[in-house]
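The values are calculated or read from the model by the stated rules, or taken from the named source; none is laboratory data. These numbers come from a predicted model, not from an experiment. FYI the Cβ positions are ideal-geometry reconstructions off the backbone, even for glycines, and counts take in every protein chain you see. Note: accessible area is taken over every heavy atom of the protein model, side chains too, but ligands, DNA and RNA are not part of it. Shrake-Rupley method; radii C 1.70, N 1.55, O 1.52, S 1.80 Å.
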Amino acid sequence: MATNALATWITVGVNILWIALLFLWLTGLGNWIQVYWYRADIRSKLNLLGGLADEAKKATLDFMNKNNAKDAASLLDRLTDFFTIDPVSVEPTDIISRMRHLLNIRDMRFKDSFIEAMPNSDDVTRSIASTAAEITSALNFIYKYVRHLLLFSEKTKNWYLILQLEIFMPQIVQLAQTYRRALDDFLTKVPVGDGAGPMVAMRLAGPDAKWREVTEDTVVTETNFEGRNLILVKAKGPASTVGRPGEAAEKVIREAIAQGRKVSLMITVDAALKFEGEATGDVAEGVGAAIGDPGPEKIRFERVATEYNIPLRAVIVKMGMDEAILAMNQDIYNGVEKAVERVKQIIRSESREGDTVVIIGVGNTAGVGQ
């Protein structure tokens, strides 16, 4: 009897459950409950994003105030919402020159702002403060954009937008947390993963190299390697800057050719994002300009290489997106050493004694001096 009663209750319970599920499906109440939990989860993560943005702002202000910046809070508020409008692309004529002009104005605006606010600080400290302000701006943008999508979806009752936002929230939070960690690394002035390219150039130049500034925030030196004359280009360190490598490479190549020297090879070295499953620090080579640039610098490599029929080769050190902006780890440093050897192999096989080879270490040179 007890067994039969238990079976009856189980059957009744299952039927009630099926009826409840059918009711939720027919009325759409189940979807509403699901969306409610999605909204709650997004709001929780939104608070986390807001906290990261606030922490970044506080850390940046502390660094600026520590270095006697004038009216630091007001300056940071202005730069946090600073934006650059892309040039018109419907009419593509001279779009690269227009983009270069806008990017140069933006860079100069940031640089001049920190020179004015921190007149007693050195260039390295001001560059770190500028990078910190950019990271703060990025975190603030992520927070405001996620908040916009959430509020807009609630306003329009677009539950599908909430679903899409919930799906992407883990990646968004991971990105924001990476930026926040990167800020601490930049403030301590250590080399970051993206400094792999400049570090390769520095290793090839050697400790006794004499560098000269060839264009804004970009330096060059010359050395010999197995009978070849190497011209090495990198951003001016240890400030946090990527310099203007394309402009510098074009200038030194034209100078070398004007002196009657044969430029037989150009090699760009840069950090590159790896696929999941690939090992950090793996090195690969290819053809073209290795540079994560919107266009103005990259096209200079391509144009000067085409004009003088110079083979344009690329060597990359693979790493994750987070590793590129965080303090350089041992795997990336090992990749730098492998990249140095790979560049030497290319020089040996694709140039002759007496030739001039131009090597550009592309990337952020924070913590990587000359």
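Among ASP194, ASP217, which is the only one that is among the charged types (D, E, K, R) and either over 30 Å from TYR143 (Cα atoms) or out of contact with any helix residue (DSSP H, G or I) (no Cβ under 7 Å at 6 or more places or on another chain) (or both)? Break it down stepwise before answering.
Details: ASP194 fails: either over 30 Å from TYR143 (Cα atoms) or out of contact with any helix residue (DSSP H, G or I) (no Cβ under 7 Å at 6 or more places or on another chain) (or both).
Selected residue: ASP217, the only one of ASP194, ASP217 that is among the charged types (D, E, K, R) and either over 30 Å from TYR143 (Cα atoms) or out of contact with any helix residue (DSSP H, G or I) (no Cβ under 7 Å at 6 or more places or on another chain) (or both).
Applying the condition of being open to solvent by 40 Å² or more (accessible area, probe 1.4 Å) and among the charged types (D, E, K, R) to the stretch 167-193 and asking which residue is nearest to the chain's Cα centre (by Cα) yields ARG181.
Only a single criterion out of (1) assigned to a helix (DSSP H, G or I); (2) modelled with pLDDT of 90 or more is not satisfied by PRO119, namely (1).
The residue that is modelled with the lowest pLDDT, counting only those in the stretch 58-79 that are of a type in the set (Lys, Arg) and under 22 Å from TYR145 (Cβ atoms), is ARG78.
Restricting attention to the stretch 320-340, does a residue exist that is outside any helix (DSSP H, G or I) and surrounded by fewer than 19 Cβ atoms within 10 Å (Cβ to Cβ)?
Checked the stretch 320-340: at least one residue is outside any helix (DSSP H, G or I) and surrounded by fewer than 19 Cβ atoms within 10 Å (Cβ to Cβ).
Check LYS251, LYS262 and return the single one that is basic (Lys, Arg), at pLDDT below 95 and open to solvent by 20 Å² or more (accessible area, probe 1.4 Å). Answer to the selection: LYS262. Considering every residue within the stretch 290-307, establish whether at least one is farther than 24 Å from SER240 by Cα, over 16 Å from the mean Cα position of the chain (by Cα), of a type in the set (Ser, Thr, Tyr) and surrounded by 14 or more Cβ atoms within 10 Å (Cβ to Cβ). No, the stretch 290-307 has no match at all. The residue pairs whose first member lies in the stretch 175-191 and is within 13 Å of SER137 (Cβ to Cβ), whose second member is among the hydroxyl-bearing types (Ser, Thr, Tyr) and in a helix (DSSP H, G or I), and whose beta carbons are closer than 8 Å, counting only pairs six or more residues apart or on different chains, are ALA176/TYR143; LEU183/THR60; LEU183/THR136.
For every residue, the table says whether it meets (1) among the hydrophobic types (A, V, I, L, M, F, W, C); (2) in contact with a helix residue (DSSP H, G or I) (Cβ under 6 Å, 6 or more places away or on another chain); (3) over 30 Å from GLY369 (Cβ atoms).
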site: HIS101; (1), (2), (3): no, no, yes
site: ILE105; (1), (2), (3): yes, no, no
site: GLU134; (1), (2), (3): no, no, no
site: PRO170; (1), (2), (3): no, no, yes
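Within the stretch 280-322, the set of residues being more than 28 Å from ASP86 (Cα to Cα), charged (D, E, K, R) and in contact (Cβ under 8 Å) with a residue 60 or more places away in the chain comprises GLU285 only. For the stretch 131-157, filtered to residues that are open to solvent by less than 60 Å² (accessible area, probe 1.4 Å) and free of Cβ contacts under 8 Å to residues at least 24 places away in the same chain, the residue that is nearest to ALA239 (Cα to Cα) is LEU149.
The single condition among (1) more than 23 Å from ALA339 (Cβ to Cβ); (2) without any contact (Cβ under 8 Å) to a residue 60 or more places away in the chain; (3) open to solvent by less than 20 Å² (accessible area, probe 1.4 Å) that VAL220 does not satisfy is (1).
Residue count for the stretch 82-116, restricted to those that are of a type outside the set (A, V, I, L, M, F, W, C) and either modelled with pLDDT of 90 or more or outside any loop (DSSP other than H, G, I, E, B) (or both): 12. Contact map, the stretch 199-215: first residue closer than 19 Å to GLU255 by Cα and open to solvent by 90 Å² or more (accessible area, probe 1.4 Å), second residue part of a strand (DSSP E or B) and at pLDDT 95 or above, Cβ cut-off under 7 Å, separation 6 or more or different chains; pairs are LYS210/THR221; ARG212/VAL219; ARG212/VAL220; GLU213/VAL219. Residues being at pLDDT below 80 and part of a helix (DSSP H, G or I) are represented in the stretch 35-57 by at least one member.
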